[in-house]
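Engineer: Please find one structure pasted underneath; my questions will follow.
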Amino acid sequence: MKKNILITLISCMLLAFTACGSNQVSAAKEENISEDEAETVKIAYLPITHSLAVLEEAEELAENNEINVELVKYGSWPELLDALNSGQVDGASVLIELAMKSKAEGIGIKAVALGHKDGNVIVVSNDIEDGADLKGKTIAIPHRQSSHNILVNDALAENGLTIDDVEIVELAPTEMPSALAAGTIDGYCVAEPFGAMGVSIGAGKVLYESNELWEDSVCCALVLTDSFIENNSETAKAFVDGYKTAGENLTTEQAKTVAEKYLNQTDEVLDISLEWISYDDLEITEEMYDQLSEKVIEYGLLDNPPSYSEFVWNEF
């Protein structure tokens with residue numbers, strides 16, 4: 001009976017959190033700003049803490065009349081990726097492995113900055129004591145092309161296990177806390193704040209923080225389309241520069257303020273989630289990208305990832 005009540009409560013929380021389809025939000029709606037005077041950058045995002053840097057930039061740029069950030073909210077990675085790959089948006093805050101795969105398939109996009117640093121956890125049921133207990137368990141990830149998949153592989157390797165020792169399932173992030181509470185999965189790794197949500201309602205506990213497995217791990221990135229960069233190079237440079245500044249401005253207090261506006265989460269969930277993530281120094285270095293590429297190949301996410309020079313735009 002308690003479990004059914006818990007699942008119902010989680011479902012209500014998730015319904016409040018996520019919206020069906022996409023929703024467009026303009027960040028230049030202030031009365032003193034004329035959208036006709038501003039260059040518009042249309043950016044796709046999911047309402048997760050990993051997107052807070054671009055949401056913060058949209059807030060900051062709303063105070064000028066040079067760049068207007070038009071935010072386009074999506075409910076899933078496949079929806080967002082379709083919009084990015086088809087040119088419906090100028091860029092996106094997206095799982096970097098998904099963007100790498102799109103680039104490898106010929107889509108004209110460039111990664112211009114990190115979305116964040118660290119900020120992921122592996123959450124498991126309360127009866128799992130350590131990494132060795134993962135053997136034979138069912139672990140959920142949001143997508144095969146994700147750093148969450150890499151982190152699960154890293155955790156298994158840390159304990160002498162491989163992906164063949166567990167059952168990996170792809171599950172929508174919004175479903176993971178309730179699935180863990182119901183016992184249909186034994187753990188999950190996903191973008192925040194869903195890990196914090198599972199911890200907050202007592203469905204599970206943190207087995208690993210991402211920095212324990214992969215320091216300064218790469219997860220989400222800000223990407224822009226080649227056509228936008230080529231046709232609006234100065235605006236693109238100014239936008240990326242503003243984005244990195246916005247990341248530096250995201251203190252825990254400011255990140256919580258932005259998250260409260262866009263994510264519709266409780267204070268407790270946000271407080272837990274923001275303990276694990278940082279937004280300073282969002283440059284994609286060649287060293288960190290090469291490490292990511294090695295993991296992508298090692299764990300079978302992509303056989304031939306694009307090179308740093310092909311994929312990362314850093315002409316600022």
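The values are calculated or read from the model by the stated rules, or taken from the named source; none is laboratory data. Note that the structure is a prediction, hence the values are computed from the model and not measured. Glycine gets a Cβ as well: all are built from the backbone with ideal geometry, and neighbour counts include every protein chain shown.
Engineer: I'd like the full set of residues that are under 24 Å from D280 (Cβ atoms) and of a type in the set (D, E, K, R), limited to the stretch 96-114.
Structural biologist: Selection gives E97, K110.
Engineer: Have a look at T266, T285 and point out the one that is over 29 Å from F239 (Cα atoms) and outside the structural domain of D154 (by TED's automatic domain parsing).
Structural biologist: Working: T285 fails: over 29 Å from F239 (Cα atoms).
Sole residue among the options that is over 29 Å from F239 (Cα atoms) and outside the structural domain of D154 (by TED's automatic domain parsing): T266.
Engineer: Of the residues A83, A44, A53, which is at pLDDT 85 or above, among the aliphatic types (A, V, I, L, M), in contact with a strand residue (DSSP E or B) (Cβ under 7 Å, 6 or more places away or on another chain) and surrounded by 24 or more Cβ atoms within 10 Å (Cβ to Cβ)?
Structural biologist: A44
Engineer: Being touching a residue at least 12 places away in the same chain (Cβ under 8 Å), crowded, with 20+ Cβ neighbours inside 10 Å and farther than 21 Å from I272 by Cβ is true for just one of L180, L161, L114. Which residue is that? Steps first, answer last, please.
Structural biologist: Details: L180 fails: farther than 21 Å from I272 by Cβ; L161 fails: crowded, with 20+ Cβ neighbours inside 10 Å.
It is L114.
Engineer: Something else: For K110, indicate whether it is assigned to a helix (DSSP H, G or I), modelled with pLDDT of 90 or more and within 29 Å of S293 (Cβ to Cβ).
Structural biologist: Taking the combined requirement at face value, the residue does not satisfy it.
Engineer: Being out of contact with any Phe, Trp or Tyr (no Cβ under 7 Å at 6 or more places or on another chain) and assigned to a helix (DSSP H, G or I) is the filter; apply it to the stretch 84-98 and report the residue that is nearest to D303 (Cα to Cα).
Structural biologist: Restricting attention to the stretch 84-98, the residues satisfying the condition of being out of contact with any Phe, Trp or Tyr (no Cβ under 7 Å at 6 or more places or on another chain) are 84-89, 94, 96-97.
Still in the running and assigned to a helix (DSSP H, G or I): 84-85, 96-97.
Details: L84: 22, N85: 20, I96: 15, E97: 12 Å.
Top of the filtered list is E97.
Engineer: Name, by its number, the condition in (1) in the same structural domain as S93 (by TED's automatic domain parsing); (2) aromatic (F, W, Y); (3) closer than 24 Å to S147 by Cβ that does not hold for Y208.
Structural biologist: Tallying (1) in the same structural domain as S93 (by TED's automatic domain parsing); (2) aromatic (F, W, Y); (3) closer than 24 Å to S147 by Cβ, Y208 fails exactly one: (1).
Engineer: Might you let me know whether the stretch 22-39 holds any residue that is at pLDDT 80 or above and surrounded by fewer than 17 Cβ atoms within 10 Å (Cβ to Cβ)?
Structural biologist: So far as the stretch 22-39 goes, yes, one or more of its residues are at pLDDT 80 or above and surrounded by fewer than 17 Cβ atoms within 10 Å (Cβ to Cβ).
Engineer: Can I ask one more? For E167, state whether it is of a type in the set (D, E), touching a residue at least 12 places away in the same chain (Cβ under 8 Å) and surrounded by 23 or more Cβ atoms within 10 Å (Cβ to Cβ).
Structural biologist: Numbers: of a type in the set (D, E): yes; touching a residue at least 12 places away in the same chain (Cβ under 8 Å): yes; surrounded by 23 or more Cβ atoms within 10 Å (Cβ to Cβ): no.
Here the answer is no, as E167 does not meet what is asked.
Engineer: Among the residues of the stretch 239-264, which ones are assigned to a helix (DSSP H, G or I) and crowded, with 18+ Cβ neighbours inside 10 Å?
Structural biologist: F239, V240, G242, Y243, K244, A246, G247, A255, K256, V258, A259, Y262
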